[in-house]
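Written out below as structure tokens is the structure these notes cover.
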């Protein structure tokens, strides 16, 4: 492994940069805010694209007929539905007067 030597002048440059950064941000607060807002928008758009748009484009794997239909249970369900449908159609509907009209009906 090689040793990485950092010169003292490079350290001083880094210190100056770190000291100037808050001053730069304070002087250009609007531009920095807009830049950070744009950066957040771009990151959000990338996540939205990854999570929503790409997931819709993926094809759904087709399932084998691993759960066959039980004919007797299916016929029982159809019978119950037909009975309920007949009861609903045979029911007599009674008309109820509007209780909010204010009229008194004897």
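Here are a few things to note about the model shown:
- Verdict on residue 87 being assigned to a helix (DSSP H, G or I), modelled with pLDDT of 75 or more and surrounded by 10 or more Cβ atoms within 10 Å (Cβ to Cβ): no
Rundown of residues vs (1) under 37 Å from the mean Cα position of the chain (by Cα); (2) at pLDDT 90 or above; (3) at negative phi, yes/no style:
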{"position": "8", "(1), (2), (3)": "no, no, yes"}
{"position": "11", "(1), (2), (3)": "no, no, yes"}
{"position": "28", "(1), (2), (3)": "yes, yes, yes"}
{"position": "45", "(1), (2), (3)": "yes, yes, yes"}
{"position": "50", "(1), (2), (3)": "yes, no, yes"}
{"position": "56", "(1), (2), (3)": "yes, no, yes"}
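The values are calculated or read from the model by the stated rules, or taken from the named source; none is laboratory data. Model, not experiment: these values are computed from the prediction. Reconstructed Cβ throughout: ideal geometry from the backbone, glycine too, with neighbour counts over all protein chains shown.
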